[in-house]
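Report on the following structure.
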Amino acid sequence: MRSDRDFTAEYRKALAAVDPSTADEMDIESVRTLAQTDLCLSYLFRYLPNDAVRAVPFLMMGYPKLLNGQANSRAAGALATLRHLCSRFGSMSAWVDATVQYGRTSETLRCFDIRDQQAVPRNAAPEVLRSVLERWLERTVPWTQRTLLVADPGDAIVIADRGRTKLSYTIPPIPLEKKTVQKHALTPRASNPPIRVGMDELLARIRKIDPSYVSKVTVAAAGGTGENPARP
């Protein structure tokens, strides 16, 4: 899976270099939100300087045409990085909350101001933070291997939502016969030849779905002037 762990850790280290008190006063979730917001604004300023900040959720949802013809390889690659690291901002409400919180953050810890819905770089932005943002927009988000542990039967407490929620569960025992995992031996193909379907076979399949459609196809194939056949 792709993870924002390395990005957040690097940003947090840079943040502490600007203001050492943030190491104790800002929890990891606050740092993550600030880092992701800064990264989104950095992307907008670099590749979409004329677009409003409200474009971010639409970029997260996968609308590359918002690049307005500027979809060069660097912009497209940076957008892929952005979507891996900031996918939470596919929610409009999450993005609005993040920008409101961003505006309340000390100016000494921000690389941008938001004025009239535009990302405006701050002249006094910390260079160490700006370097982190620029570097991550140029790189591919690394894969992270995660170990999954099977819980033992009994009562358990699960910590979710990045440590903000605790859930209680009673885990039932699993019968021995269900612990056996079915395994399959898959042999890779040396080649993948194209699938060929003749017209007669295709019409036979269609006839089972919609006999009337076959007659329309036949008329069209013969050069008839009937209506264009609808899709089955």
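The values are calculated or read from the model by the stated rules, or taken from the named source; none is laboratory data. These numbers come from a predicted model, not from an experiment. Please note: Cβ atoms are built from the backbone with ideal geometry, for glycine as well, and neighbour counts cover all protein chains shown.
Descriptive notes on the structure:
- The residues on offer are Asp97, Asp113, and the sole one that is out of contact with any Ser or Thr (no Cβ under 9 Å at 6 or more places or on another chain), closer than 25 Å to Phe58 by Cβ, surrounded by 13 or more Cβ atoms within 10 Å (Cβ to Cβ) and not polar (S, T, N, Q) is Asp113.
- Qualifying residue in segment 136-145 (condition: over 20 Å from Asp51 (Cβ atoms), assigned to a loop (DSSP other than H, G, I, E, B), free of Cβ contacts under 8 Å to residues at least 60 places away in the same chain and hydrophobic (A, V, I, L, M, F, W, C)): no
- Reported count of residues in segment 96-115, each being outside any helix (DSSP H, G or I) and either closer than 19 Å to Asn50 by Cβ or of a type in the set (A, V, I, L, M, F, W, C) (or both), is 5.
- Restricting attention to segment 4-21, the residues being in a loop (DSSP other than H, G, I, E, B) and either of a type in the set (Lys, Arg) or within 13 Å of Gln36 (Cβ to Cβ) (or both) number 1.
- Only residues that are in a loop (DSSP other than H, G, I, E, B) and not hydroxyl-bearing (Ser, Thr, Tyr) were counted in segment 167-187, giving 11.
- Residues within segment 64-89 that are in a loop (DSSP other than H, G, I, E, B), within 14 Å of Leu44 (Cα to Cα) and at pLDDT below 65, tallied: 3
- Residues satisfying the stated conditions in segment 146-166, i.e. assigned to a strand (DSSP E or B) and surrounded by 10 or more Cβ atoms within 10 Å (Cβ to Cβ): Gly154, Ala156, Val158, Ile159, Lys166
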